[in-house]
Amino acid sequence: MAVTAPSLESFKLDEETTMNEKPNFANLNVAALAGGVGGARLAQGLAAILPPERLHIIVNTGDDFEHLGLTICPDLDTVMYTLSGLANPKTGWGIAGDTFTCLEAIQRRGGPGWFNLGDRDLATHILRTQWLHEGQRLTEVTARLATALGVPCALLPMCDTPYQTQVITAAGTLPFQEYFVHQRCRPEVRAFRWEGADVAQPTPEVMAALEQADLVIFCPSNPFVSIAPILNLPGVKEAISRRASVAVSPILGGEAVKGPAAKMFRELGIAPSAVAVAERYAGLLTGFVLDSVDAGLAPAVAALGMATCVMPTLMPGLDERIAVARGVLEFAVAPR
Ligand code: GDP
Ligand code: CA
C-alpha cells in the first residue's frame, strides 16, 4: 500500500479527468534535494516548468572543502552553473569555455593541480570566501552569487556550518574531495562519517522550504554522499515524512550514469539497483521513479510501500530534463 500524501491532495486530478486535460503546476510548491550532476540535471528541468518562487533546491554541502585558502562548494556550483546555463556539459563540473591560466601558474610555482579550478570558476570561490569572511552565511552568499548569475529559483545550501563527508576506506579515512578527485574513487569504501554533524543544523530557509512544499523531490543523486547528508540533518526526515515525496533513481540497469554510486553499493555489500536505492528511502517516500530499463523492478519497489512510475530517466540534454521533470510532477499528482 502506498503511503498517503496529504500535502498534495488539492493538486490531485480526479479519476474522471480526461487524458488530454493537463495538470497545472503553477501553484505547486516543490522542494528538491540535490547533489551535483544528477541533481542539477533534474533541477534544470523543474526550473523550466515551475514558477521560480515555488521551486527551492536544497543542495548537499558535504562535499565542501577548503583548498588554497578558498571555500569550494562543488555541488552548489554544479547546480548554480547548470541553472544559469554556464555549465560545461562535457565535464559536468565547471564553466563552459573556462580557461586554466591561474591553475597552470599555481602548478608552475609548485602548488597543487589535482583539483581543477578554471579562471572564471575561481571568481566564484574568491567572492564566496571573501563574503564568508565578512560574516555572511553560506545561504546569503549563495543567493548573491546565484542571483548575479541569473539562477531563477532559490538555491539553498543544506546548512551554513561545515558538514564534511569523510569516506572510510581500506586506505584510511579520507575527506570527500581527497577520495573523489585526488584518489579518483579508487579506495574501497567501508563506511561514511560526517565531520561537524554534532553541531550542524538545517538552515531556517531549508526547513521553511520543506514545510511549505506540497511535494519533495529527491533528484537522482548519490544516495550515500549527496542525499544522506541532507537527510541526516536534525528534523529534515521528520519534515519530509509530513509531505508527499518522490525520488528518481540514480541507478539504471544496475549502474550509475556517472560517478561512484554503484561502486559504493557493491563495496558496501549491496547489489546496486533501483530497488537498493528505494530500500534506503523506504518509510519516507510516497513515490519512486524507475528508469524504463528497470521496469521489471517496479513490483519490488512497490512492495516497499511506495507508488511507482516507470519512464525514461536519462537526461543528457535540456529536452530530456524537462520531460523527466514533467513526468515526475504528473506522477506525483496522479490519482491513486
Ligand atoms: P555528484 O555530486 O556530481 O556526484 O552528483 P549527484 O549526487 O547529484 O549525482 C550523481 C548521480 O546522478 C549518479 O549516481 C548518476 O547515476 C546520477 N545521474 C547522473 N545523470 C543522470 C541522468 O541523466 N539520469 C538519472 N536517472 N541519473 C543520473
Ligand atoms: Ca557531489
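Restricting the first member to region 266-295 and to residues that are free of Cβ contacts under 8 Å to residues at least 12 places away in the same chain, and the second to residues that are surrounded by 16 or more Cβ atoms within 10 Å (Cβ to Cβ) and assigned to a helix (DSSP H, G or I), the beta-carbon pairs closer than 7 Å and six or more apart or on different chains are Ile270/Ala276.
From the list Glu195, Glu255, the lone residue that is within 15 Å of ligand 1 (Cβ to nearest atom) and either without any contact (Cβ under 8 Å) to a residue 60 or more places away in the chain or charged (D, E, K, R) (or both) is Glu255.
The one condition from (1) open to solvent by less than 10 Å² (accessible area, probe 1.4 Å); (2) over 12 Å from Ile322 (Cα atoms) that Gly38 does not meet is (1). Exactly one residue out of Leu42, Leu28 is touching a residue at least 12 places away in the same chain (Cβ under 8 Å), part of a loop (DSSP other than H, G, I, E, B) and under 20 Å from Val289 (Cβ atoms): that is Leu28. Between Asp98, Asp160, the distinction of being outside any helix (DSSP H, G or I), charged (D, E, K, R) and more than 20 Å from Lys258 (Cβ to Cβ) belongs to Asp160 only.
When Pro312, Pro229, Pro299 are checked against the criterion of being under 30 Å from Pro187 (Cα atoms) and out of contact with any His (no Cβ under 6 Å at 6 or more places or on another chain), a single residue qualifies: Pro229. What are the residues in region 218-275 that are of a type in the set (Ser, Thr, Tyr) and over 22 Å from Cys159 (Cβ atoms), if any? Those that are of a type in the set (Ser, Thr, Tyr) and over 22 Å from Cys159 (Cβ atoms): Ser249, Ser273.
Selection of region 48-74 for residues being in a helix (DSSP H, G or I) and surrounded by fewer than 19 Cβ atoms within 10 Å (Cβ to Cβ) yields Ala48, Ile49, Pro52, Glu53.
Take Asp77 and tell me if it is within 13 Å of ligand 2 (Cβ to nearest atom), within 26 Å of Ile227 (Cβ to Cβ), modelled with pLDDT of 95 or more and not in a helix (DSSP H, G or I). Walk me through it before giving the result.
Values: within 13 Å of ligand 2 (Cβ to nearest atom): yes; within 26 Å of Ile227 (Cβ to Cβ): yes; modelled with pLDDT of 95 or more: yes; not in a helix (DSSP H, G or I): no.
No.
Of all the residues in region 251-303, those that are of a type in the set (Val, Ile, Thr) and open to solvent by 50 Å² or more (accessible area, probe 1.4 Å) number 3.
Scanning region 169-200 for residues that are in a strand (DSSP E or B), of a type in the set (Gly, Ala, Ser) and within 19 Å of Ile230 (Cβ to Cβ) returns a single hit, Ala191.
Kindly indicate whether Gln201 is touching a residue at least 24 places away in the same chain (Cβ under 8 Å), farther than 25 Å from Ala282 by Cβ, within 14 Å of ligand 2 (Cβ to nearest atom) and among the polar types (S, T, N, Q). Quick ask: steps written out before the conclusion?
On the way: touching a residue at least 24 places away in the same chain (Cβ under 8 Å): yes; farther than 25 Å from Ala282 by Cβ: yes; within 14 Å of ligand 2 (Cβ to nearest atom): no; among the polar types (S, T, N, Q): yes.
No: the conditions fail for Gln201.
Note on region 112-167: residues that are surrounded by fewer than 20 Cβ atoms within 10 Å (Cβ to Cβ), among the β-branched types (Val, Ile, Thr) and touching a residue at least 24 places away in the same chain (Cβ under 8 Å) amount to 4.
Which of the residues that make up region 310-324 are of a type in the set (A, V, I, L, M, F, W, C) and either closer than 19 Å to Ala256 by Cα or modelled with pLDDT under 95 (or both)? Answer for region 310-324, where residues must be of a type in the set (A, V, I, L, M, F, W, C) and either closer than 19 Å to Ala256 by Cα or modelled with pLDDT under 95 (or both): Val310, Met311, Leu314, Met315, Val324.
Okay, residues lined up against (1) over 18 Å from Ile72 (Cβ atoms); (2) touching a Phe, Trp or Tyr at 6+ places or on another chain (Cβ under 6 Å):
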{"residue": "Ala146", "(1), (2)": "no, no"}
{"residue": "Val167", "(1), (2)": "no, yes"}
{"residue": "Met207", "(1), (2)": "yes, no"}
{"residue": "Ala213", "(1), (2)": "yes, no"}
{"residue": "Val236", "(1), (2)": "yes, no"}
{"residue": "Ser245", "(1), (2)": "yes, no"}
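Being farther than 29 Å from Gln166 by Cβ and in contact with a Leu (Cβ under 6 Å, 6 or more places away or on another chain) narrows it down to one residue among Val59, Val30; which is it? First the steps, then the outcome.
Values: Val59 fails: farther than 29 Å from Gln166 by Cβ.
It is Val30.
Restricting to region 212-232, and then to whatever is under 18 Å from Gly45 (Cβ atoms) and not β-branched (Val, Ile, Thr), can you tell me which residue is nearest to ligand 2 (Cβ to nearest atom)? The residue in question is Ser226.
I'd like the full set of residues that are within 12 Å of the chain's Cα centre (by Cα) and more than 10 Å from ligand 1 (Cβ to nearest atom), limited to region 58-79.
At the first step, the residues of region 58-79 found to be within 12 Å of the chain's Cα centre (by Cα) are 58-63, 74-79.
Those that are within 12 Å of the chain's Cα centre (by Cα) and more than 10 Å from ligand 1 (Cβ to nearest atom): Ile58, Thr61, Leu76, Asp77.
The values are calculated or read from the model by the stated rules, or taken from the named source; none is laboratory data. Because the structure is a prediction, the values reported are computed rather than measured. All Cβ positions, even for glycine, are placed from backbone atoms using ideal geometry, and neighbour counts span all protein chains on display. We work out accessible area using only protein heavy atoms, side chains counted, and drop any ligands, DNA or RNA first. Shrake-Rupley method; radii C 1.70, N 1.55, O 1.52, S 1.80 Å.
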